[in-house]
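Structure, as structure tokens:
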Amino acid sequence: MRIITFVFVFLISQMSLHAGEGMWLPLFLKQLNEAEMQSMGMKLTAEDIYSVNKGSLKDAIVHFGGFCTGEVISNQGLVLTNHHCGYGQIQSHSTLENNYLEDGFWAADKGKELSNPGLFVTFIVRIEDVSDAILKGTEGAANAKARQSIIDKNIDAAKKSMELGKFEDVLIRPFFEGNQYFMFTTQTFKDIRLVGAPPSSIGKFGADTDNWEWPRHTGDFALFRIYANKDNNPAEYSEDNIPYTPRHFLPVSLDGVAEDDFTMVFGFPGRTREYLPSFAVEQVVDVLNPAKIDIRTKALEIIDGAMREDAQVKIQYASKQARIANAWKKWIGESQGLQKTGALEKKRMLESEFLKRVNAKPEWKQKYGSLLNDFERLYKEVRPYALTRDYFNEIAGRNIELMRLVNALSRVAKADSMDEGLQGRVANYLENFYKDYRPEIDKKVFASLMEVYFNKVDGNYISDYAKERVEDAGKNYTDLAEKIYSKSIFTRGDELITMVKKDPDNAIKTIREDIAFQFGRGLSEAYYDSSEKEYTRINDELKELQRTYMKALMEVFPEQRFYPDANSTMRVTYGQVKGYEPRDGVRYQPVTYLDGVLEKYKPGDYEFDVPIKLRKLHAGKDYGQYADETGKVPVCFLGSNHTTGGNSGSPAIDAHGNLIGLNFDRVWEGTMSDLNYDASICRNIMVDVRYILFIVDKYAGATHLVEEMKLVRPKRFSKVNPKKGIPIPKEKLKLKKN
Ligand code: ARG
Ligand code: GLU
């Protein structure tokens, strides 16, 4: 009996959430999280965080451009986000003379702030549970397709019946694998101007070597401003627009954090899959990640080699290399983390408890008894198609630039002719493409990756044209690449661009008949006609199964709290400032300092150079009010908050609702939190807001921006003298200790 109880308690503790896990809907904080958050030190109520009736924290949070998060930090619409989120905008304003990426940019006053066509930020006005309305009539649906069409109709009807404010939009999104639906009323602003950005040597310090890594020393931030019309409403860009007055903005704390302090991250996480069965996670670890990692390792070897040899190539390929390396490094960390934390065993343990409970209740047994077997069967069935899909996407879709170009031009090739608009867009696209294109590098990537493709992908899914070219080359992929790259017009950018501009009809014909185009289109068409169809068929079944499984989990484990997977909607996650042990014998501290920037300093290096002004400030300890109580300037810190891509730019908020940091990354060992969060090694990385203020004020001299903010010191008088019970200033406490 004792043993059984023990096993049960152990199981439950394995399954229960750890402080830190979860991306919660702001709407349900009161029911699900408030008590726990307060027990962890939070001094706010759920209403302070999310309220429809009064200004709350949520009114300071924006979805930035649809891919990152930002937060309002002044009553004049000043928005803080990451340097890597504003990178495209900073780049677009940069020229050789005014290279803002290289040197940074600081608008001397509001008149000098730079507009960014196409950039927008979205506020959430309110969130409502519309599950009943959206799922009405789906109970008896014959199959998944019929169910979806009822849902689509219900969504249309719900949207039409909404009474929206003049500047409001509405989004309805599935949650819990389509078992629930929530409606988001939003307000989108389109006049967003660039206010300030540090040089890349601060904003991107450590670049790819440090990406996903701790200890970290990156000042990954940029400042923008929201402009509104004179009634404070959204408007297209106009000189007459004025800075937006928000319903709420975040005060900025100068007091920083200590280990175990409460932290909360508010933002728009993109995508997680926390409720997959063990069979799916096993496939990721054993089959899919290794294939994708192998492909990118091969591509990166070639690109890295070329970048080392030639400074010009280094510039041209820096951002492409970063894009390839970002996911590559994340997958490696993800696979290792899943293995190290025993994710599969945990999933299997949960599944066996699930089965035990299901089998004990006839009603459940009938509904859910075969779920896990069905999963097992379908994951086995989908395996070759899922793998082929990754090979196709990674090789024919992504990492060979020539194949990307073919895909981009496939619409043009279908056109009868080009009107002026299309001609301009194509020429533009091509000019951008060729600016940073080196066919001699891409040719090597092509040879290396196509060899993988033809060896790994079933010949039935490959076009005859492509197979013939491979035969012609005697299955020598270097020769194949040589033939294609020497014949294709796509390796002669100037010629192609001139043709598009001067003789567009001929350009269409030339593209269509081009050897690289035919090779690439052939690969795509053959793939989409065969393997992808099978993949979609099985995957549709899997999605339906996953929906039932999610529903079953919630029913069978009623003692559990469930949070929905990330889907680019607004979420709150909370945890504590925490270090971690990445491997045996190593413990990471949760805070880094400016001293560490100087430790990493490599003069002239493209990743680790440090601007002279920053070195001087450090040498003179000219830190203003931004040093901590030990006299050092903190740079980054770690927390156990559960974040993912899309949380970049999210505010880190203290127990009182003040801004303490800016989220921008996770630690490599913990990137498996997208599939299975584990409190022992999953950490998010934030820039300390004091480093941001230090750079804005002391480095850039943009003191007017700091003056616009509301600086607070919530900790200074919060230490209580145990004898007298009267708060005494922290400085005095320190004096006594010394
Ligand atoms: N790893 C972070 C993310 O996933 C930062 C990426 C940008 N920085 C870089 N060095 N590539 O978005
Ligand atoms: N860098 C990521 C982003 O751009 C955040 C890091 C993560 O994936 O957690 O959203």
Given q = 0.15, 0.18, 0.21, 0.22 Å⁻¹, what are the Debye log10 I(q)/I(0) values for the stretch 251-350, with equal point scatterers placed on the Cα positions and solvent ignored?
-0.85, -0.94, -1.03, -1.08
Per-residue Cβ neighbour rank within 10 angstrom, fewest leading, 688, 261
261, 688
Loop sites in the stretch 103-192: GluC sites (Glu not before Pro), DSSP, at most 16 other Cβ within 10 Å
139, 163
Above 15 Å lies some portion of the pair distances; for the stretch 394-466, what is it as a whole percent of all C-alpha pairs?
64 percent
Computed magnitude of the charge dipole of the stretch 250-335 (debye, nearest 20; Cβ of K, R +1, Cβ of D, E -1):
600 debye
Whole angstrom only: what separates the Cα centroid of the stretch 200-259 from the Cα centroid of the stretch 22-80?
16 Å
Unit charges at the beta carbon, dipole of the stretch 619-718: most positive-side option, 685, 670, 655
655
Quick check: from the Cα gyration tensor, does the stretch 507-623 come out rounded (a/c under 1.5), prolate or oblate?
oblate
Projected onto the charge dipole of the chain (unit charges on the beta-carbon of Lys, Arg, Asp and Glu, signs +1, +1, -1, -1), the Cα from 39, 485, 395 with the largest positive-side position is that of 39
5 angstrom amide H check on residue 648, placed H, neighbours 5+ away:
69
Quick check: from the Cα gyration tensor, does the stretch 583-637 come out rounded (a/c under 1.5), prolate or oblate?
oblate
Can you put 263, 122, 218 in order, fewest other beta carbons within 10 Å first?
122, 218, 263
Could you work out, for the stretch 307-448, what percent of all Cα-Cα pairs fall into each 10 Å distance bin, beginning at 0 Å and stopping at the bin that holds the largest distance?
9, 22, 24, 18, 14, 11, 3
Counting every Cα pair in the stretch 391-519, what percent are over 20 Å apart?
43 percent
Mind checking which of 341, 171, 378 is farthest towards the positive end of the chain's charge dipole, using Cβ charges of +1 (Lys, Arg) and -1 (Asp, Glu) about the Cα centre?
341
May I ask you to give the average projected area over all directions of the convex hull of the Cα atoms of the stretch 310-351, in nm² rounded to one decimal?
3.7 nm²
Taking only the alpha-carbon atoms of the stretch 12-113, what semi-axes of the equivalent ellipsoid follow from 5 times the gyration tensor eigenvalues under a square root, in whole Å, largest first?
38, 18, 11
At q = 0.10, 0.16, 0.17, 0.21 Å⁻¹, what base-10 log of I(q)/I(0) does the Debye formula yield for the stretch 48-171 when every alpha carbon is treated as an equal point scatterer in vacuo?
-0.54, -0.94, -1.00, -1.23
Would you work out the Kirkwood radius for the stretch 583-685? I mean one over the mean of 1/r across all pairs of different Cα atoms, in Å.
15.8 Å
If exposed trypsin sites (Lys or Arg not before Pro) are those in a DSSP loop with at most 10 other Cβ within 10 Å, what is the longest stretch of the chain that has none?
231-722
I'd like the Karplus ³J(HN,Hα) series for the stretch 19-35: coefficients 6.51, -1.76, 1.60, θ = phi - 60°, whole numbers in Hz, and an x wherever there's a Gly or Pro.
3, x, 6, x, 10, 9, 6, x, 4, 10, 4, 4, 5, 9, 10, 3, 4
Per residue Cα convex hull volume in Å³ - calculated over the stretch 145-233:
170 Å³
Determine, for the stretch 123-249, the count of lysine pairs separated by eight or more sequence positions (or lying on different chains) whose alpha-carbon distance falls under 16 Å.
7
If a cysteine in the chain has no other Cys Cβ under 4.7 Å from its own Cβ, put it on the list, ordered by number.
636, 682
Checking a compactness column here: for the chain, what do you get for Rg(Cα) / (2.2 N^0.38 Å), N being the number of residues?
1.01
Quick one, can you get me the convex hull of the C-alpha atoms of the stretch 545-589 expressed as volume per residue in Å³?
179 Å³
Tell me, how many Å apart are the Cα centres for the stretch 667-692 and for the stretch 269-337?
18 Å
Quick query: amide H of residue 578 versus all other amide H atoms, modeled in the peptide plane; which residues come in under 5 Å with a sequence gap of 5 or more or a different chain?
260, 638, 639, 640
Mean residue ellipticity (222 nm) of the chain, computed from DSSP H runs ≥ 4 via -39,500 (n - 2.57), nearest 500:
-14000 deg cm²/dmol
Long-range HN-HN contacts of residue 436 with modeled amide H, under 5 Å
none
Nearest-20 debye value, the stretch 74-186 charge dipole, Cβ charges on Lys, Arg, Asp, Glu
440 debye
With contacts defined as alpha carbon pairs under 8 Å and 6 or more residues apart, what's the relative contact order of the chain in percent?
23 percent
Suppose we keep just the DSSP beta bridges with both residues in the chain; what percent of those would be antiparallel, to 5?
95 percent
Hey, got the dipole for the chain? About the Cα centre, +1 on K and R Cβ, -1 on D and E Cβ, debye to the nearest 20?
1980 debye
Under a cut-off of 16 Å between alpha-carbon atoms, report the lysines in cross-link reach of residue 340, not counting same-chain residues fewer than 8 places apart.
330
Under the Karplus curve 6.51 cos²θ - 1.76 cosθ + 1.60, θ = phi - 60°, whole-Hz ³J(HN,Hα) for the stretch 558-565, x wherever Gly or Pro sits:
x, 7, 8, 9, 10, 10, x, 4
D for the stretch 317-389, whole µm²/s, Stokes-Einstein with Kirkwood Rh over alpha-carbon pairs at 4 °C and 1.567 mPa s: what number?
84 µm²/s
Where in the chain are the DSSP H helices whose C-alpha atoms run 27 Å or more along the long axis and whose mean Kyte hydropathy is at least -1.0?
289-309, 311-340, 371-391
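Throughout, read-outs are computed from the coordinates displayed, never taken from laboratory work. Because the structure is predicted, anything quoted here is derived from the model rather than measured. We place every Cβ from the backbone using ideal geometry, glycine too, and count neighbours over all the protein chains shown.
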